[in-house]
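**Q** I'd like to ask you about the structure that follows.
The values are calculated or read from the model by the stated rules, or taken from the named source; none is laboratory data. Because the structure is a prediction, the values reported are computed rather than measured. Cβ: placed from backbone, ideal geometry, glycine included. Neighbour counts: every protein chain shown.
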Amino acid sequence: MPAGPSGENVSSLTCLQLGINSKSANKGEAWEFMKVLTTDREIQNQVMVNSEGISPIKEVSENSDSLNNLNEENSFSREQLSKAVESAATQPHFKNYALAKNQVDKAINTILDGSSAIDTELVIQNREINNTLKNDLLNNQ
């Protein structure tokens, strides 16, 4: 959306995220499957043809066939599409994002302050941040 004379125009970018369950019996196969889905150019081309998604693979998203498919409904140039994706802002996907961000900022400042042992402080802060993220995950299932 236009930000006015003092700001930049920024698009909102929604990302599709993939993950592997830590309890998966087939982690290796799941990882290989995720890599195929995200790196195979033909699969990524199909994402652009059959959805409203844009491939993160620049060669695919800027491919003339992909652009022709997009341009059936819109008229984007390669430059416009690249700029929109590169300058896009993503929104956090979990409820306690601000709390976790504050905890990370606090951890960094505490470590940079040098008032405590770095190794000990890293363990403590890591545990607190992971607990926040774990609780957020459990509360959203």
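**Q** Kindly evaluate residue 61 against the criterion of being within 20 Å of residue 86 (Cβ to Cβ), hydroxyl-bearing (Ser, Thr, Tyr) and at pLDDT below 75. Talk me through it step by step, then tell me what you get.
**A** Numbers: within 20 Å of residue 86 (Cβ to Cβ): yes; hydroxyl-bearing (Ser, Thr, Tyr): yes; at pLDDT below 75: no.
Against the criterion (within 20 Å of residue 86 (Cβ to Cβ), hydroxyl-bearing (Ser, Thr, Tyr) and at pLDDT below 75), residue 61 does not qualify.
**Q** Separate question: Within the range 9-56, which residues are loosely packed, with under 14 Cβ neighbours inside 10 Å and β-branched (Val, Ile, Thr)?
**A** The answer is 10, 14, 36, 39, 49.
**Q** Right, something else. Look at the range 98-122 and say how many of its residues are surrounded by 11 or more Cβ atoms within 10 Å (Cβ to Cβ) and either modelled with pLDDT of 80 or more or part of a helix (DSSP H, G or I) (or both).
**A** 14
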